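Colleague: Sending over a structure as structure tokens; questions will come in a sec.
Please treat every number below as a calculation from the coordinates, not as lab data. Not measured: the values here are computed from a predicted model. Ideal geometry is used to build each Cβ from the backbone, glycine not excepted, and the neighbour counts take in all protein chains shown.
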Amino acid sequence: MKKWKSYPVNFRIGAVITGIMLLLIVVGFFYTPYNPTGMDNSAKLAAPSLRHIMGCDNFGRDIFSRVLKGMGNTFLIALATVAIGVVCGIIVGAFTGYYGGWLDEILMRVNDVVFAFPSILLALVFVSIFGTGKYNVVLALGIAFVPSFARIVRGEFIKYRDMDYVKSARLAGVSSLRIIFVHILPNTMTVLLSSIMIGFNNAVLAEAGMSYLGIGVQPPDASLGSMLSEAQTYLFSAPNYAVFPGLMIILMVLGFSLLADGIKER
Amino acid sequence: MEDLLLEIKDLNIEFHDHDVPERVVNGLNMKLKRGEILGIVGESGSGKSMTAMAIAGLLRRHDMKIGGEINFEGTEILHASRTEIRGFQGDDIGIIFQEPMTSLNPVKRIGWQVEESLRIHRPEMSKAQRYALAIDSLKSVELEEPEKTYKKYPHELSGGMRQRVMIASAMICEPKLLIADEPTTALDVTIQLQIVKLLQRLNREKNTSILFISHDLSLVKQLCAKILVMHDGRVVEAGDTLEIFTHPKEAYTKELIGAIPKVEKMKQL
């Protein structure tokens, strides 16, 4: 294990922020100070205080509790989105990059078509066909994320497929599948890891955007995006309602960006 | 031992990725007997490496046209399908590349890489047997502390050590043919000599035929009994090393031999 100090500064800051965020998310799964959907008429739009550290929303729900739950939702959706994108992207990119030829041409043109649509637009179309809800959002965003990962992985495979160690593995009679996934794939991990981080950020923002538009997480369930959307009406009377979920989005994205930068620098 | 291991008849390799087809190997014929060391010499771009890749079955087949025949122990391998070749190929043919920096996978441990062809061709072996054989193999290429090397990553080794590891992993299945594609070019002179001696020893002990590709005539002279001189994709001259060095017939061969730097000349400087 390398010494903590030897890591780049942005990596360290990113790790601390991400660590705190992850801690809050994990805590949020098991414990929230109040019931995140429990309403308290006497505390409507309450300002931050010792009882409600982030204040309360227009139904008197504790914002801190909802932020904790909402971060968990946002995080899981982003994670699932990136997972779909990465797994499919690796499969498409690995085969097109390794084999080349007509398979490459066909799959990459399909890829270009998907790539040409903005991911939010693609997800909107998808959701309007299959209905709202978090699973559809995950699927829609996941598909929209495939092309960028596929391109990155494909580029790496093109770089590695003619390396001497791949040739000697081929000569040793190693099957193509084993060469792709055992010999080449681990080599692409450094590049893949930082793009996963960036992809994760985009997913957090996309989820927030979708929920803000009202097609992601459905009320009364909380997500950072849907909270922002609800807070919009009270922006002047209760700014804390919008500020805290927004701040959490910023911190999550910032933490991961710094972490990704740090990984790239190493 | 007079039987033939490898016979190439009229090998042609043409690239078709530009408008005008480019011939890199032109009507090449050669024979290699069991236990023999054959040197292929020639300048860069003379088609030496392409010939080696064709024998190893490593040519990508999209934009090139390959003609002729390569018989390995009586089996035609040039036009056989990949699944057909795979069974016996890695088992019987091993290869060492020029650049020791890129010939080992940087993210895998040495031991894992040396064992890889065992995993494919000797699936019945247990983990312990594989380990024992890998250590043996590392020992046979004169690596010190094979147990330590086994656990290391390629970046922890020097160029010469990596080349030894390459030889160990190419030799672990005891192939009948070892293709050495300029194995010493990237190494410094003292290490070059060690590697050549190592190849010589393996050839003697395991009766492995070696196809030694190089542009370094002085090394070829030491190692190979027979040589093949290539120029522009054609065989210029072939025969016994001694014969060719003492009585070169072709002008190009004379030129090549004349290009060997001599110690006496250096002294005059």
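Colleague: Region B:1-42 to region A:90-157: how many Å between their Cα centroids?
Modeller: Value for the Cα centre distance between the two parts: 44 Å.
Colleague: Let me ask something additional. For region A:185-252, state which chymotrypsin sites (Phe, Trp or Tyr not before Pro) are in a DSSP loop and have at most 14 other beta carbons lying within 10 Å of their beta carbon. Present the calculation step by step, with values, prior to reporting the outcome.
Modeller: Details: sites: A:F200, A:Y212, A:Y234, A:F236, A:Y241; in loops: A:F236.
Listed in order of number, the matching sites are A:F236.
Colleague: Also, I was wondering about something else. GNM, chain B, Cα, under 10 Å: largest mean-square fluctuation among B:A259, B:A54, B:A168?
Modeller: Checking each option, the largest mean-square fluctuation is seen for B:A259.
Colleague: Would you mind estimating how fast region A:23-63 diffuses translationally, via Stokes-Einstein at 25 °C and 0.890 mPa s with the Kirkwood radius over Cα pairs, in µm²/s? Walk me through the numbers before you get to the answer.
Modeller: Working: Rh = 10.4 Å.
Estimated via Stokes-Einstein, D reaches 236 µm²/s.
Colleague: Based on a Kirkwood Rh over C-alpha pairs, give the Stokes-Einstein translational diffusion coefficient of the protein assembly as shown at 4 °C and viscosity 1.567 mPa s in µm²/s.
Modeller: Values: Rh = 27.5 Å.
Value of D from the Cα-based Kirkwood radius: 47 µm²/s.
Colleague: At 7 Å along Cα-to-Cβ for each site, give me the label-to-label distance between A:W102 and B:V189 in nm.
Modeller: Simple spin-label model gives 5.5 nm for this pair.
Colleague: Right, another one. How big is the shadow of the Cα convex hull of region A:107-170, averaged over all directions, in nm²?
Modeller: Working: hull surface 22.3 nm².
Convex hull of Cα atoms, orientation-averaged projection: 5.6 nm².
Colleague: Let me ask another. With helices defined as uninterrupted DSSP H runs, which ones in chain A have an alpha carbon span along their own long axis of at least 20 Å and mean Kyte-Doolittle hydropathy of at least 0.5? Please report the intermediate quantities before stating the final value.
Modeller: Working: long enough: A:9-30 (32 Å, 2.20); A:63-99 (52 Å, 1.49); A:101-116 (22 Å, 0.71); A:134-160 (38 Å, 0.82); A:189-212 (33 Å, 1.12); A:239-265 (38 Å, 1.22).
Those that clear 20 Å and a mean of 0.5 are A:9-30, A:63-99, A:101-116, A:134-160, A:189-212, A:239-265.
Colleague: Over chain B, what is the percentage of antiparallel beta bridges among all DSSP beta bridges, to the nearest 5? Walk me through the numbers before you get to the answer.
Modeller: Details: 24 of 42 bridges.
Restricted to chain B, the bridges split so that about 55 percent are antiparallel.
Colleague: When you take every Cα atom in region A:1-152, what is the radius of gyration, and what is Dmax, the widest Cα pair distance, in Å?
Modeller: Expressed in Å, the Cα Rg and Dmax of region A:1-152 come to 21.2, 68.
Colleague: Suppose we keep just the alpha-carbon trace of region B:131-269; what are its Rg and Dmax in angstrom?
Modeller: Every Cα atom of region B:131-269 included, Rg and Dmax give 17.3, 54 Å.
Colleague: If the viscosity is 1.567 mPa s and the temperature 4 °C, what translational diffusion coefficient in µm²/s does Stokes-Einstein give for region A:45-93 when Rh comes from Kirkwood over Cα pairs? Walk me through the numbers on the way to the answer.
Modeller: Values: Rh = 12.8 Å.
For the chosen part, D equals 101 µm²/s.
Colleague: Which shape class applies to chain B: rounded if a/c is under 1.5, otherwise prolate when a/b exceeds b/c and oblate if not, where a ≥ b ≥ c are the square roots of the Cα gyration tensor eigenvalues? The partial results should precede the final answer.
Modeller: Details: a/c = 1.73, a/b = 1.22, b/c = 1.41.
Taking the square roots of the gyration eigenvalues as a ≥ b ≥ c, chain B is oblate.
Colleague: What is the distance, in nm, between label points placed 7 Å from the Cα along the Cα-to-Cβ direction at A:V26 and at B:D240?
Modeller: 7.7
Colleague: Any idea how far apart A:I120 and B:K254 come out in nm if each label point goes 7 Å out from Cα toward Cβ?
Modeller: Result: 7.9 nm between the two label points.
Colleague: Going from the alpha-carbon gyration tensor of region A:140-266, what semi-axes, largest first and in whole Å, does one get by taking the root of 5 times each eigenvalue? Could you put the intermediate results ahead of the total?
Modeller: Details: eigenvalues 367, 48, 15 Å².
Listed largest to smallest, the semi-axes of region A:140-266 are 43, 15, 9 Å.
Colleague: Tell me which trypsin sites (Lys or Arg not before Pro) from region A:144-190 have a DSSP coil assignment and no more than 14 other beta carbons within 10 Å of their own.
Modeller: Values: sites: A:R151, A:R154, A:K159, A:R161, A:K167, A:R170, A:R178; in loops: A:R161.
Sparse-neighbourhood loop trypsin sites (Lys or Arg not before Pro): none present.
Colleague: Most exposed first by the Cβ proxy, i.e. fewest other Cβ within 10 Å, how do A:L79, A:L68 rank?
Modeller: A:L79, A:L68
Colleague: Given N residues in region B:109-170, what is its alpha carbon radius of gyration divided by 2.2 N^0.38 Å?
Modeller: Values: Rg = 10.8 Å, N = 62, 2.2 N^0.38 = 10.6 Å.
That ratio works out to 1.02.
Colleague: Given the alpha-carbon gyration tensor of region A:1-42, what are the semi-axes of its equivalent ellipsoid in whole angstrom, ordered largest first, with each equal to the square root of 5 times an eigenvalue? Spell out each step's value before the answer.
Modeller: Numbers: eigenvalues 260, 21, 6 Å².
Value: 36, 10, 5 Å, ordered largest first.
Colleague: With chain A treated as a Gaussian network of Cα nodes joined by springs under 10 Å, which of A:L224, A:L235, A:L24 yields the largest mean-square fluctuation?
Modeller: The residue with the greatest mean-square fluctuation here is A:L235.
Colleague: Return the whole-Å distance between the Cα centroid of region B:121-189 and the Cα centroid of region A:4-78.
Modeller: Here the answer is 55 Å between Cα centres.
Colleague: Can you tell me the Rg and Dmax of region B:174-229, counting just the alpha carbons, in angstroms?
Modeller: Answer for region B:174-229, Rg first and Dmax second: 10.7, 28 Å.
Colleague: Set the Förster radius R0 to 25 Å, insert the Cβ-Cβ distance between A:N35 and A:L235 as r into 1/(1 + (r/R0)^6), and round the FRET efficiency to 0.05.
Modeller: Once rounded, the FRET efficiency stands at 0.50.
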